[in-house]
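One structure is given below, encoded as structure tokens.
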Amino acid sequence: MFLDPDRSAGEMPKPDRRRVARRLEDQRLLRREREVKAAYRITSALSEHLALDELAVKALQTALEVVNAESGSILLADQASRQLIFQHSIGTSPVPFRTAIAWDQGIAGSVFQSGKPVVIADVRKDARHLDSVDKLTGYHTRDLIALPLKRWEGEPIGVLEVLNKRDGCLDEDDLAILTIVSAIAATSVEQALLHREAKLAEVARIVGDIGHDIKNLLMPVVCGTELLESEVKGLLADSSSISTNRARASFDLCTEVIGMVRNSTRRIQDHVKEIADCVKGLSAPPEFSAGSLSTVVESVFETLRRVATEKGIKLQAQGLESLPPIMRDERRLFNAFYNLVNNAIEEVPSGGSIMVSGRNDPARNGICLRVADTGRGMSPEVRDSLFTVHAKSRKVGGTGLGTKIVKDVVDIHGGTIAVESTVGVGTTFELFLPLNPADPARNP
């Protein structure tokens, strides 16, 4: 037997050491290759998806595939309830959608609170394991990896759980791969959450504008019902001695009020539909009929007069009675002038006025209209943004939706609209409407 003089007792022979070193290096390279592939797969999977649900499913699918696991879940934190919500669960016996656990309980809760991942080879030996979830799904969890989903700043937003490796037991190598998947998934989920929050905020602003408009449109309904109530009570009190003339006058009043209430409720329905169509980018075909502009403006004044009076603002019309009739969609024109006048009321101080005036324009076979207020005016930035996709509102938290509705109505009528405004002086909208939008000979 020959001994290697350069090897100490118990030391591995050089060829064996080299083989072990090569094997370790091969394992390291294999792990790096798996990590690179995992990163590529998760970025490719998430690059084309923005919806939160799609992101969650794609992230889970990628996580299970790269470590060959049976099941997985993404739990997102709900700050209000202090719970972790199963946003998505896939694989064998998935957890029902939106199942919730306290965010400081279970292995997931521990990971969420600590912000550190865990690898557990046998969950039965871990006291943190919640067997209630297994009982709910009928699934038997053996091994698992749980990783925190973190914002860029490091604050956890949820947990990624992967359960039961198919060909062995989940280990540290799988954790290294899933760490990459979870980091990229967390960034995408956070972006989707921010996008959803922004959309919800936009919806909230739109709903706020709608609520304000509906409140104003309801004024004639409220006033009318109060008037009807008062009239009916008076009739009942004097029923034994009521005269024919009094009965006739009361009947005429009730008929007038009922008509006002009926018209106002129809206006509310039309206005909500107009707003909904505007938000969805849709528009029903126009319904043109011959009629005057003065009746449209008077209807708007009737609807908003109480609001204006309470603020000490005068609503005035000039030159509308002498205008020639035009082919117009009465419902849409009402909504356009309603938006212009209603927006102006918000800007005009007590003692101010809003004037709607008009003149005939025979040269262009149409009419010119002006809606002028003595309000606070608007900055050039806001003025220049009106009637564009980037419209800015003068109201705090406003959406600019009203001016978009106005522009759409003017476009449907084949007209034009422009605005002039001076801060501290007021704002004037100038509209041109052809007498017949379908007339090919018109020259707007």
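The numbers here are math on the coordinates, done by the rules we state, and not lab data. Quantities reported herein were computed from a predicted structural model and do not represent experimental measurements. Cβ placement follows ideal geometry from the backbone for every residue including glycine, while neighbour counts extend to all protein chains displayed.
Numerical summary
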| quantity | calculated |
| --- | --- |
| Under the Karplus curve 6.51 cos²θ - 1.76 cosθ + 1.60, θ = phi - 60°, whole-Hz ³J(HN,Hα) for segment 69-79, x wherever Gly or Pro sits | 9, 7, 9, x, 9, 10, 10, 10, 7, 10, 5 |
| Charge sum, other residues only, whose C-beta stays under 15 Å from Ser81's C-beta, Lys/Arg counted +1 and Asp/Glu -1 | 0 |
| For Gln318, residues with placed amide H under 5 Å, excluding near neighbours | Val356, Ser357, Gly358 |
| Segments 408-416, 98-106, 58-66 sorted - mean Cβ within 10 Å per residue, highest first | 58-66, 408-416, 98-106 |
| Segment 92-142, relative contact order [Cα under 8 Å, separation at least 6], % | 42 percent |
| Two-site FRET efficiency, Glu346 against Lys125, from Cβ-Cβ distance with R₀ of 51 Å, rounded to 0.05 | 0.15 |
| Amide H within-cut-off set for Ser71, under 5 Å, with H built and near neighbours excluded | Thr92, Leu163 |
| Residues of segment 306-336 with amide N under 18 Å of a point placed 7 Å along Cα→Cβ from Glu256 | 306 |
| Around Pro117: net Lys/Arg minus Asp/Glu count, Cβ-Cβ under 11 Å | -1 |
| For His88, residues with placed amide H under 5 Å, excluding near neighbours | Ile74 |
| Stretchable slack from Gln269 to Val425, in nm (0.36 nm times residue separation minus alpha-carbon distance) | 52.7 nm |
| Residue-count net charge about Thr244 - beta-carbon cut-off 15 Å; Lys, Arg +1, Asp, Glu -1 | 0 |
| Loop GluC sites (Glu not before Pro), segment 277-374 (other Cβ atoms within 10 Å of the site Cβ: 12 or fewer; DSSP) | Glu287, Glu321 |
| Within segment 345-377, backbone nitrogen closer than 16 Å to the virtual label 7 Å beyond the Cα of Ala290 toward Cβ | 366 |
